[in-house]
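Participant: This is the structure, below, for whatever I ask next.
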Amino acid sequence: MTPLLSVRDLVVRYPVRTGWRTGWTRAVDGVSFDVAHGETLSLVGRSGCGKTGTARAVTRLLEPAAGSVHLDGEDVTHAKGRRLREFRSRVQIVFQDPYGSLNPRLTVTEIIAEPLIAHGRWRHGGRARVAELLDLVGLRARDADAHPHEFSGGQRQRIATARALALDPALLVLDEPVSALDVSVRAQIVNLFTDLRATSGMSMLFISHDLPVVRHISDRVLVMDRGRIVEHGPTRAVLDSPAHPATRALVSAVPGRRGSATSN
């Protein structure tokens, strides 16, 4: 079966200025992976390893320097115009910072309505869709007229999730969606994503360095280090028996797992 998302030899470069000269650094260096229909794939690694660069290239928020991105077999690497709009209706992202990802001037209804309006879906049942989405992510109908500053971090992430779900995407990219939240609400948001997957069957690319969350939510895991995939496989197999030093370092940093990680 054709995978939902297929990434091949992806390269992302960022400019580096030294004095009067500008060079380039490869933040993502030849990354390849697939995401199957209905699968949750986690991409893990320490800060600065290239996870977010991969997420932004996959969602076409930045242009890759090389490589390809296919959605359901269609090459969307350099899609523009109508093709890019169609792609973005099927692939949505939830960002790390629930405070910076929402426009403080808009109400919740206006925030969730943005993608519906942009894709011509507001006139036919837009308000009902907003109410449906609020209920889906565990918010109240009366929250629709409030502004982001009236909510907690966890509630803001629920609003961001509702916005991402507005167009019924096939793939939801989650870029460190709980790392900015208090421990007390992380489990609630993780359970929200787990329930969404169970009810909708959508695929997820979950980007994180929080291995307990990764273990709970994902089917497979990719370990990234210095812009490259260094280990991959079923989640439990990789996390219980890490083979690469980068994976062992991540596992050993988890409280209560130090001894098991260093024994491999």
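Any read-out appearing in this document is the output of simple, stated calculations on the displayed coordinates, not a laboratory observation. From a predicted model like this one, the values you see are computed outputs, not experimental measurements. Don't worry about glycine lacking a Cβ; one is built from the backbone with ideal geometry, like all the others, and counts go over all protein chains shown.
Participant: Over the stretch 5-262, what relative contact order in percent results from Cα pairs under 8 Å that are six or more residues apart? Present the calculation step by step, with values, prior to reporting the outcome.
Facilitator: On the way: 479 pairs, mean separation 65.2, N = 258.
RCO, the stretch 5-262: 25 percent.
Participant: Listed highest first by mean packing, meaning other Cβ atoms within 10 Å per residue, what order do 14-20, 156-162, 58-64, 120-126 come in? Write down the numbers at each step before the final one.
Facilitator: On the way: 14-20: 8.0, 156-162: 25.0, 58-64: 18.1, 120-126: 12.6.
Highest to lowest by the protection proxy: 156-162, 58-64, 120-126, 14-20.
Participant: Give the residue from Val185, Ala141, Gly120 lying farthest towards the positive end of the charge dipole for the chain; charges sit on Cβ (+1 for Lys and Arg, -1 for Asp and Glu) and the dipole is referred to the Cα centre.
Facilitator: Result: Gly120.
Participant: A further question on this structure: When Lys80, Lys51 are ordered from fewest to most other Cβ atoms inside 10 Å of their Cβ, what list results? Provide the component values of the computation, followed by the final result.
Facilitator: Details: Lys80 9, Lys51 25.
Ranked by crowding around the Cβ, least crowded first: Lys80, Lys51.
Participant: Within a 10 angstrom radius of the beta carbon, how do His149, His119 rank from fewest other beta carbons to most?
Facilitator: Values: His149 9, His119 14.
The fewest-first ordering by Cβ neighbours comes to His149, His119.
Participant: Given the convex hull over the Cα atoms of the stretch 136-194, what projected area results after averaging over all orientations, in nm²? Working shown, then result.
Facilitator: Working: hull surface 17.5 nm².
For the stretch 136-194, averaging the hull's shadow over all directions gives 4.4 nm².
Participant: Using mean Cβ contacts within 10 Å as the protection proxy, how do 67-78, 223-234 order, highest first?
Facilitator: The most tightly packed comes first, giving 223-234, 67-78.
Participant: Then there is this: Within a 10 angstrom radius of the beta carbon, how do Arg186, Arg21, Arg215 rank from fewest other beta carbons to most? Numbers along the way, then the final one.
Facilitator: On the way: Arg186 19, Arg21 7, Arg215 16.
Result, fewest neighbours first: Arg21, Arg215, Arg186.
Participant: Pull up all non-local amide H partners of Val230: gap of 5 or more, or a different chain, and H-to-H distance under 5 Å with H placed in the peptide plane.
Facilitator: For Val230, whose amide H was placed from the backbone, the distant partners under 5 Å are Val223, Met224, Asp225.
Participant: Rank Ala243, Ala55, Ala166 by mean-square fluctuation in a GNM of the chain with C-alpha springs under 10 angstrom and give only the top-ranked residue.
Facilitator: Ala243
Participant: Calculate how steeply helix 126-136 sits against the longest principal axis of the alpha-carbon atoms of the chain, using the helix alpha-carbon long axis, and give the answer as 0 to 90 degrees to the nearest 10.
Facilitator: Roughly 50 degrees between the two axes.
Participant: For the chain, what is the mean residue ellipticity at 222 nm derived from helices alone (per DSSP H run of n ≥ 4: -39500 (n - 2.57); sum divided by total residues; nearest 500 deg cm²/dmol)?
Facilitator: Working: 10 runs with 97 residues, N = 264.
For the chain, the value works out to -10500 deg cm²/dmol.
Participant: Same structure again: Distances over 26 Å make up what percent of all Cα-Cα pairs in the chain? Mind dumping the intermediate values first?
Facilitator: Working: 15123 of 34716 pairs.
Looking at the chain, the distances longer than 26 Å represent 44 percent of pairs.
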